[in-house]
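Below: the structure, in structure tokens.
The values are calculated or read from the model by the stated rules, or taken from the named source; none is laboratory data. Model, not experiment: these values are computed from the prediction. No Cβ is skipped: glycine too gets one built from the backbone with ideal geometry, and neighbour counts run over all protein chains shown. Please note that ligands, DNA and RNA were not included when accessible areas were found on the heavy atoms of the full protein model with its side chains. Shrake-Rupley method; radii C 1.70, N 1.55, O 1.52, S 1.80 Å.
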Amino acid sequence: MSEPWVLHVDLDQFIAAVEVLRRPELAGKPLIVGGRGDPTERAVVSTASYEARAFGVGSGMPLRIAARKVPDAVILPVDHEAYLEASEKVMAVLRSQPGTTVQVLGWDEAFVGVETPDPEAFARQLQEAVLVETRLHCSVGIGDTLVRAKVATSFGKPAGVFRLTEKNWLDVMGSRPTVELWGVGTKISRRLATLGIKTVAELAAADPTDLVPEFGPKMGPWYAQLGRGDGSRVVDDTPWVPRGHSRETTFQRDLTDPERIRDAVRELAARVLEDVAAEGRPVIGLTLKVRYAPFTTRTYARKIPETSDAAKVLARALDLAAKIEPGQPIRLLGLRAEMTMPEDSRQGHTPTRSGW
């Protein structure tokens, strides 16, 4: 008898795998992709092959540090267009499978909703179809909620299948630290630990109201829900509408001159406003990201009156720039503009929440 299932399809070492398809001679070698492929420049790792990860290289690591860890690594520049093209092929394969609903999460992952009596067999069928059509391997997590399917994938990597449901959730996840939950990062896990909650089982057993003083009336109950693996069971293929657009620049030499900083903010604002203009929605908030040398990051945010006037957005961005600590060398600036959301857009902050 068929039952509804949520499958989470996650392409294995996606960016590195795409590069290997283009350069088969790189197969089996430690491969790092980031920036313009030059470790002498300031940039971070976008992805690393499993061979490079064995040396401790991970996404977000400064490229020069990654190069030190793996002196023999092949370092390549990021090629967004190639990854987007490969991603679109994979998503087309998923959508072509009979009876599926596909909710894209990013270049390399998607939820697939399907009714089937044998979700493992269907998962293997998906893997084979993706491999045949794109030559890319993927792992598949099977769950009865989006959360459990997403978490299950980590147990299936690489190129495997794993099922995680209400029945085995605590057996598999109960003793693990809360940071291993999707949606709980290092900072949140530390805050949970101050409440005496260190494991998934402890979070699952927590009274949601006890989390409200620390996390608020929405997020507190949500974290308790995550601990149980609960949440939405519906895969929603409504097209995702971005809440905002952002751009950032890493400077090869630290910025210290106030006017150069303001010029950099003006340039970022112009690029962000191009993206916003293409959406046709007014701006309602701005966030300025500042990374001071050597590697301390601060954000400065403010809501603004709804506007599509580029001059007003720029003026508010420069107001945020005035908050930058004077005399502090800056290695990165980023600007994000938040926009109004259409009434028919998919609601919710993250697909793990009920009612998504």
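Hey, rough spin-label estimate for GLN97 and GLU274, points 7 angstrom out along Cα→Cβ, what's it come to in nanometres?
Simple spin-label model gives 3.8 nm for this pair.
Mind listing the long-range amide H neighbours of THR116? Cut-off is under 5 Å, sequence gap 5 or more, other chains count too, H placed in the peptide plane at 1.01 Å from N.
GLU3, TRP5
Quote the Stokes-Einstein diffusion coefficient, in whole µm² s⁻¹, for the range 193-262, based on the Kirkwood radius over alpha carbon pairs, a temperature of 4 °C and a viscosity of 1.567 mPa s.
After rounding, the answer is 80 µm²/s.
For the range 71-82, take each phi angle, set θ = phi - 60°, evaluate the Karplus expression 6.51 cos²θ - 1.76 cosθ + 1.60, and give the result in whole Hz per residue in order, putting x for glycine and proline.
Per-residue couplings from phi come out as x, 8, 5, 8, 10, 10, x, 6, 10, 4, 5, 5 Hz.
Would you mind getting me the FRET efficiency between ARG36 and GLU166? Use the beta-carbon distance for r and R0 = 45 Å, nearest 0.05.
Using R0 = 45 Å, I get an efficiency of 0.45.
Can you show me the helix-derived [θ] at 222 nm for the chain, built from DSSP H runs with n ≥ 4 at -39,500 (n - 2.57) apiece and divided by the number of residues, rounded to the nearest 500.
-12000 deg cm²/dmol
What number comes out for accessible area per residue over the chain if the probe is 1.4 Å? Units Å², please.
Ligands and nucleic acids excluded, the figure is 50 Å² per residue.
Separation between the ARG23 and GLU120 pseudo-spin-labels, each 7 Å from Cα along Cα→Cβ, expressed in nm?
For the pair ARG23/GLU120, the computed spacing is 3.9 nm.
I'd like the orientation of helix 310-321 relative to the chain: the angle between its Cα long axis and the longest Cα principal axis, in ° from 0 to 90, rounded to 10.
Long axis of 310-321 versus the principal axis of the chain: about 90 degrees.
Compute, for TRP222, the solvent-accessible surface of its heavy atoms (probe 1.4 Å) with the complete set of protein chains present, and express it in square angstrom to the nearest 10.
Approximately 20 Å² of TRP222 is accessible to the 1.4 Å probe.
Take the alpha-carbon centre of the range 267-281, take the same for the range 295-317, and report the distance between them in whole Å.
12 Å
What does the charge dipole of the chain about its Cα centre add up to, to the nearest 20 debye, if the Cβ of each Lys and Arg holds +1 and the Cβ of each Asp and Glu holds -1?
Dipole size: approximately 1260 debye.
From the Cα gyration tensor of the range 62-181, with a ≥ b ≥ c the square roots of its eigenvalues, which class applies: rounded if a/c is under 1.5, or else prolate if a/b is larger than b/c, or else oblate?
It comes out oblate by the Cα gyration axes.
Determine ³J(HN,Hα), in whole Hz, for all residues of the range 322-327 in sequence, where each value follows from phi through the Karplus function 6.51 cos²θ - 1.76 cosθ + 1.60 and θ = phi - 60°; x replaces Gly and Pro.
Taking θ as phi minus 60°, the curve returns 5, 7, 4, 5, x, x Hz for the range 322-327.
Separation of the range 83-113 and the range 18-67 by C-alpha centroid, Å?
The range 83-113 and the range 18-67 have Cα centres separated by 25 Å.
Could you work out how far the C-alpha centroid of the range 149-168 sits from that of the range 174-202, in angstrom?
19 Å
Among the lysines, which fall within straight-line cross-link reach of LYS157, defined as a Cα-Cα distance under 30 Å, with same-chain neighbours fewer than 8 residues apart omitted?
LYS29, LYS69, LYS89, LYS167, LYS187, LYS198
Ignoring ligands, DNA and RNA, please state the percent of accessible area on the chain from carbon and sulfur, probe 1.4 Å.
51 percent
Report, by chain and number, residues whose modeled amide H sits under 5 Å from the one on GLY285, excluding near sequence neighbours (fewer than 5 apart, same chain).
Correct list: ILE304, GLU338.
Expected output is a single nm value to one decimal: the length gained when fully extending between ALA193 and VAL241, i.e. 0.36 nm times separation in residues minus the C-alpha distance. What is it?
That pair, ALA193 and VAL241, stretches by 13.8 nm at full extension.
Among GLN225, VAL290, SER49, flag the residue with its Cα farthest along the positive direction of the charge dipole of the chain, charges on Cβ as +1 for Lys/Arg and -1 for Asp/Glu.
VAL290
Residue by residue through the range 122-131, what is 3J(HN,Hα) from phi via Karplus (6.51 cos²θ - 1.76 cosθ + 1.60, θ = phi - 60°)? Round to whole Hz and write x for glycine and proline.
5, 4, 5, 5, 4, 4, 5, 5, 5, 5
Specify the angular offset, from 0 to 90 degrees and rounded to the nearest 10, of the alpha carbon long axis of helix 208-228 from the longest principal axis of the alpha carbons in the chain.
On a 0 to 90 degree scale, this one is about 40.
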